[in-house]
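Undergrad: My questions all concern the structure below.
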Amino acid sequence: MTKPYCFERYIKTETCIPKSIKKVSEPRIYITVNEAIEDFSAFKSIILYAYSGRQYWESPSLTFNDLFSSIDKKLHNMDSAKISIPELCDWYHTCLKGMKIVDNHLTIYTLYNGIFRFGAEYAAYFTDVTVEKDFNSYRVIQSNDKQINVGSIIDVNKDNLFKTLSPSDKEYYLVGIRSWTPVETISVECNGKEIQLPLHKCRASANKFTGRRNHFIHSDVDGICVVTSNTFELNENYTFDMAKTLGKNLQSKKALIWNLSDNSGGTSDYADYFIRGLNGYSECNTNVAILHSNYTDASYNNTPYYKWDYIIDEGYDYSKSMYKGFLYVIMNSRTASSGETAIGYAKSVEKCLTFGENSYGCGVFGELKYYQLPYSKTTMAVPSKIFLGDFEEGKGYTPDYWVDSIDVLSEVLKWLKYK
């Protein structure tokens with residue numbers, strides 16, 4: 001079998017495509033069937049022996065080998081002596097989609113078909129109705145919908161209630177739903193009548209950040225220290241020790257807001273060092289499984305092996321938490337990857353609360369390694385580790401308080417003022 005090329009130096013670009021692939025000139029459109037068979041053999045081996053999510057997604061009733069069999073049959077029963085690379089790559093994509101993978105890191109880049117991704121988001125959709133728990137009932141306290149008046153009692157499934165900002169002696173909830181696909185309406189009962197209420201996607205991520213990104217900037221807003229981190233990309237001008245020093249300098253603050261909205265990640269060491277400085281203790285509460293095989297190693301060899309190493313986390317130990325103030329973390333659905341890991345580190349602080357909406361959910365599968373198939377020149381970005389913690393792929397972290405606003409920070413500051 002022709003070996004797939006494993007890039008020994010992993011090159012991170014905006015689209016996770018190794019630079020050398022971009023320099024291919026006048027690529028072939030067709031390859032022979034025999035070449036396609038070898039190409040597919042390499043594709044199968046990478047999924048079976050280099051992808052950390054294989055056993056996560058497989059079940060007794062469906063394995064990747066089950067899905068591979070259909071392509072094997074097609075290739076071995078072709079009438080033509082050649083096949084187009086776009087068609088072959090479409091088969092690769094369809095094959096993996098058949099497993100219903102949700103993996104926001106796994107990526108296939110093809111010369112003709114573009115980029116195939118396997119991500120999904122379990123998004124939150126809300127009505128413009130807020131309710132207050134009134135004994136065993138839910139009373140409307142705010143409504144921008146003409147069908148429901150303030151003061152009305154509504155009957156709604158508890159799965160459709162999302163805790164939101166409220167006075168300390170009350171419980172307020174947003175009415176909505178979480179779904180893998182867009183949802184336009186939700187059914188509730190009001191005064192004995194069923195009503196369809198319109199939904200909108202949570203507004204916490206409505207305005208995309210377009211300004212200059214910073215690792216850590218801080219200022220006092222209404223007497224509260226606000227730290228904003230909208231990138232953790234590795235930068236020699238901002239070191240991990242600088243993040244730790246900042247954390248130490250903020251230890252005396254009675255309350256601290258850490259805004260992680262739109263932080264798509266980079267290296268989680270920035271968050272780790274910041275929390276260590278602030279709290280004297282930093283843990284992510286994540287179990288890690290690391291895949292090792294003759295495919296994941298930097299140098300490919302012909303001796304097959306396949307094993308896992310495990311790092312087991314024993315959970316947060318709040319007896320080690322030195323920061324005695326409150327840490328309020330803001331996140332949205334564009335808080336991803338190492339940005340999400342920062343949320344895990346933040347929870348090392350005993351008095352930590354999260355606000356906004358669910359994070360992106362891009363962290364169960366990670367530590368990408370890159371491979372190029374021999375004939376189609378398809379490039380694959382393949383996770384080699386699994387991280388299992390308080391989140392799920394596509395679902396992310398769930399906030400303690402949902403905030404359906406384009407300006408979550410202002411809402412949290414207002415809540416703290418009257419809390």
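The values are calculated or read from the model by the stated rules, or taken from the named source; none is laboratory data. Since the model is a prediction, treat every value here as computed from it, not as a measurement. Here the Cβ is made from the backbone with ideal geometry for all residues, glycine too, and neighbour counts use every protein chain on show.
Undergrad: If you check ILE257 against the conditions, is it in contact (Cβ under 8 Å) with a residue 60 or more places away in the chain and in a strand (DSSP E or B)?
TA: yes
Undergrad: While we're looking at this one, here's another question. Give the residues of the stretch 129-149 that are among the charged types (D, E, K, R), without any contact (Cβ under 8 Å) to a residue 40 or more places away in the chain and part of a strand (DSSP E or B), sorted by residue number.
TA: ASP134, ARG139
Rundown of residues vs (1) of a type in the set (S, T, N, Q); (2) over 16 Å from GLY265 (Cα atoms), yes/no style:
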{"position": "ILE312", "(1), (2)": "no, yes"}
{"position": "ASN332", "(1), (2)": "yes, no"}
{"position": "GLY356", "(1), (2)": "no, yes"}
{"position": "GLU367", "(1), (2)": "no, no"}
{"position": "TYR371", "(1), (2)": "no, yes"}
{"position": "VAL382", "(1), (2)": "no, yes"}
{"position": "VAL403", "(1), (2)": "no, yes"}
{"position": "GLU411", "(1), (2)": "no, yes"}
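Undergrad: A further question follows. For the stretch 285-312, give me each residue that is touching an Asp or Glu at 6+ places or on another chain (Cβ under 7 Å) and surrounded by 13 or more Cβ atoms within 10 Å (Cβ to Cβ).
TA: ASN285, THR286, ASN287, ILE290, HIS292
Undergrad: For the stretch 146-183, enumerate the residues that are charged (D, E, K, R) and either surrounded by 14 or more Cβ atoms within 10 Å (Cβ to Cβ) or in contact with a Ser or Thr (Cβ under 7 Å, 6 or more places away or on another chain) (or both).
TA: Correct list: LYS163, GLU171, ARG178.
Undergrad: Does at least one position in the stretch 110-124 carry a residue that is free of Cβ contacts under 8 Å to residues at least 40 places away in the same chain, surrounded by fewer than 19 Cβ atoms within 10 Å (Cβ to Cβ), in a strand (DSSP E or B) and over 28 Å from the mean Cα position of the chain (by Cα)?
TA: Among the residues of the stretch 110-124, not one is free of Cβ contacts under 8 Å to residues at least 40 places away in the same chain, surrounded by fewer than 19 Cβ atoms within 10 Å (Cβ to Cβ), in a strand (DSSP E or B) and over 28 Å from the mean Cα position of the chain (by Cα), which makes the answer no.
Undergrad: Can I ask one more? Please count how many residues of the stretch 36-73 are under 19 Å from TYR295 (Cα atoms) and either acidic (Asp, Glu) or exposed (fewer than 14 other Cβ atoms within 10 Å of the Cβ) (or both).
TA: Residues flagged as under 19 Å from TYR295 (Cα atoms) and either acidic (Asp, Glu) or exposed (fewer than 14 other Cβ atoms within 10 Å of the Cβ) (or both) within the stretch 36-73 amount to 3.
Undergrad: Filter the stretch 348-368 for residues that are surrounded by fewer than 23 Cβ atoms within 10 Å (Cβ to Cβ), of a type in the set (D, E, K, R) and either on the phi < 0 side of the Ramachandran plot or over 20 Å from the mean Cα position of the chain (by Cα) (or both) and give the result.
TA: Within the stretch 348-368, GLU350, LYS351 qualify.
Undergrad: Ok, one more. Any idea which of (1) at pLDDT below 90; (2) under 30 Å from LYS419 (Cβ atoms) is the one THR110 doesn't satisfy?
TA: Exception for THR110: condition (2).
Undergrad: In the stretch 383-419, how many are assigned to a loop (DSSP other than H, G, I, E, B) and not acidic (Asp, Glu)? Talk me through it step by step, then tell me what you get.
TA: Residues of the stretch 383-419 that are assigned to a loop (DSSP other than H, G, I, E, B), as a first pass: 389-391, 393-395, 397-400, 403-407, 419.
In the following step, the residues that additionally are not acidic (Asp, Glu) were identified as 389, 391, 394-395, 397-399, 403, 405-406, 419.
Here the count works out to 11.
Undergrad: Quick check: anything in the stretch 326-337 exposed (fewer than 14 other Cβ atoms within 10 Å of the Cβ) and more than 25 Å from the chain's Cα centre (by Cα)?
TA: No, every residue in the stretch 326-337 fails to be exposed (fewer than 14 other Cβ atoms within 10 Å of the Cβ) and more than 25 Å from the chain's Cα centre (by Cα).
Undergrad: On to the next question. What residue, among those in the stretch 25-62 that are of a type in the set (A, V, I, L, M, F, W, C) and not in a helix (DSSP H, G or I), is nearest to ILE386 (Cα to Cα)?
TA: That would be ALA50.
Undergrad: Is it the case that some residue within the stretch 275-284 is among the hydrophobic types (A, V, I, L, M, F, W, C), under 24 Å from the mean Cα position of the chain (by Cα), assigned to a loop (DSSP other than H, G, I, E, B) and modelled with pLDDT under 95?
TA: Among the residues of the stretch 275-284, at least one is among the hydrophobic types (A, V, I, L, M, F, W, C), under 24 Å from the mean Cα position of the chain (by Cα), assigned to a loop (DSSP other than H, G, I, E, B) and modelled with pLDDT under 95, which makes the answer yes.
This table checks each residue for (1) β-branched (Val, Ile, Thr); (2) part of a loop (DSSP other than H, G, I, E, B); (3) on the phi > 0 side of the Ramachandran plot.
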| residue | (1), (2), (3) |
| --- | --- |
| PRO167 | no, yes, no |
| TYR173 | no, no, no |
| THR181 | yes, yes, no |
| ARG212 | no, yes, no |
| HIS215 | no, yes, no |
| ASP220 | no, no, no |
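Undergrad: While we're on this one: Check whether at least one residue in the stretch 321-335 is under 18 Å from LEU388 (Cα atoms) and part of a strand (DSSP E or B), and report yes or no. So that I can check it myself, show each step before the final result.
TA: From the stretch 321-335, those under 18 Å from LEU388 (Cα atoms) are 335; that's our starting set.
Checking the rest, the ones that are also part of a strand (DSSP E or B) come to none.
Looking through the stretch 321-335, none of the residues is under 18 Å from LEU388 (Cα atoms) and part of a strand (DSSP E or B).
Undergrad: How about the stretch 395-406: which of its residues are surrounded by fewer than 24 Cβ atoms within 10 Å (Cβ to Cβ) and either within 28 Å of LEU88 (Cα to Cα) or of a type in the set (Ser, Thr, Tyr) (or both)?
TA: Passing the criteria: THR398, TYR401, SER405.
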